[in-house]
1. List the number of the failed condition for G103; all other conditions in (1) within 16 Å of G190 (Cα to Cα); (2) touching a strand residue (DSSP E or B) at 6+ places or on another chain (Cβ under 6 Å) hold.
2. Consider only pairs whose beta carbons are under 6 Å apart and that are at least six residues apart or on different chains; among these, list those whose first residue lies in the stretch 83-100 and is under 18 Å from D52 (Cα atoms) and whose second residue is assigned to a loop (DSSP other than H, G, I, E, B) and open to solvent by 50 Å² or more (accessible area, probe 1.4 Å).
3. Just for the stretch 58-117: of the residues that are open to solvent by less than 10 Å² (accessible area, probe 1.4 Å) and aromatic (F, W, Y), which one is nearest to A37 (Cα to Cα)?
4. List the strands (runs of 3 or more DSSP E) inside the stretch 11-55, counting only whole elements, that have at least 2 residues being at pLDDT below 95.
5. Select, from I9, I20, I95, the only residue that is more than 29 Å from S132 (Cα to Cα) and among the aliphatic types (A, V, I, L, M).
6. From the list T194, T206, exactly one residue is of a type in the set (V, I, T), touching a Phe, Trp or Tyr at 6+ places or on another chain (Cβ under 8 Å), free of Cβ contacts under 8 Å to residues at least 24 places away in the same chain and over 30 Å from A68 (Cα atoms). Which is it?
7. Among the listed residues W133, W119, identify the single one that is under 12 Å from the mean Cα position of the chain (by Cα) and either in a strand (DSSP E or B) or modelled with pLDDT of 95 or more (or both).
8. Please work out if I134 is more than 27 Å from P14 (Cβ to Cβ), surrounded by fewer than 21 Cβ atoms within 10 Å (Cβ to Cβ), out of contact with any helix residue (DSSP H, G or I) (no Cβ under 6 Å at 6 or more places or on another chain) and among the β-branched types (V, I, T).
Amino acid sequence: MGYRWEVEIVPNTPNDPLKIYRLIRDENDNGTARFEAYEVLGKNGHGLGFGDLNGDGRGDLIVHNGWAEAPENALGGEWRFHQEFELGKASVPIIVTDVNKDGLSDFIVGQGHGYGLDWYEQVGGGKNDGRSWIKHPIDPDNSQYHTMEWTDLDGDGEAELITGKRYRAHNGNDPGSNDPYGIYYYKWKGEGFTKEIISHGVFGETKGTGIYFEVVDQQRI
């Protein structure tokens, strides 16, 4: 039998426990359409990210007010919570990556229901405690960065941040709900990000990102 890559489901569940769901298989190793749930945190907020924050080779989970450190057995061990920041109503996903290439994982977060797009630089961390986070603005003047992608858009071997504005979230009751909206990408230039506009304008004349989008090379479809 060949190697099978198992994928778990980790949904963003504001005001409910954060859980990992794994498919239950029968005695013949076939899926049963039922799932086991493993609780990570007793209560979650708005926003969710996944990546190795402390460099131990395990995938950690970021939520709005900190991050859960993965144990050796992610589906049976106890996740250790580090309450090290407050992100508000954060994007889904929060992107974990080494933005400034200093060997420590940073993260990028948008405000899903307000203004702001920022990256948080990890300082003095790695596998040890004692880390701190420096907030760096990327684009503070637009609202509702509810979703984003981190991928190589222009083929130069370096990932870009692709995101944009959701239109009229919460029925127009969010800050900036009726502002012009669009799709943008941001390129890391060594000390900060530059912004390029893919589409921008008023409703009916342009596009936004909503709560989910995908970046695809159409020539390979």
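1. Unmet condition: (2).
2. Close Cβ pairs satisfying both conditions: none exist.
3. W67
4. Working: elements: 18-25, 31-41, 49-51.
Output list reads 18-25, 31-41.
5. I9
6. Criteria check complete, one pass: T194.
7. Numbers: W133 fails: under 12 Å from the mean Cα position of the chain (by Cα).
Only one candidate passes the filter, namely W119.
8. no
The values are calculated or read from the model by the stated rules, or taken from the named source; none is laboratory data. From a predicted model like this one, the values you see are computed outputs, not experimental measurements. Here the Cβ is made from the backbone with ideal geometry for all residues, glycine too, and neighbour counts use every protein chain on show. Areas reflect the complete protein model, heavy atoms only, side chains present, ligands, DNA and RNA absent. Shrake-Rupley method; radii C 1.70, N 1.55, O 1.52, S 1.80 Å.
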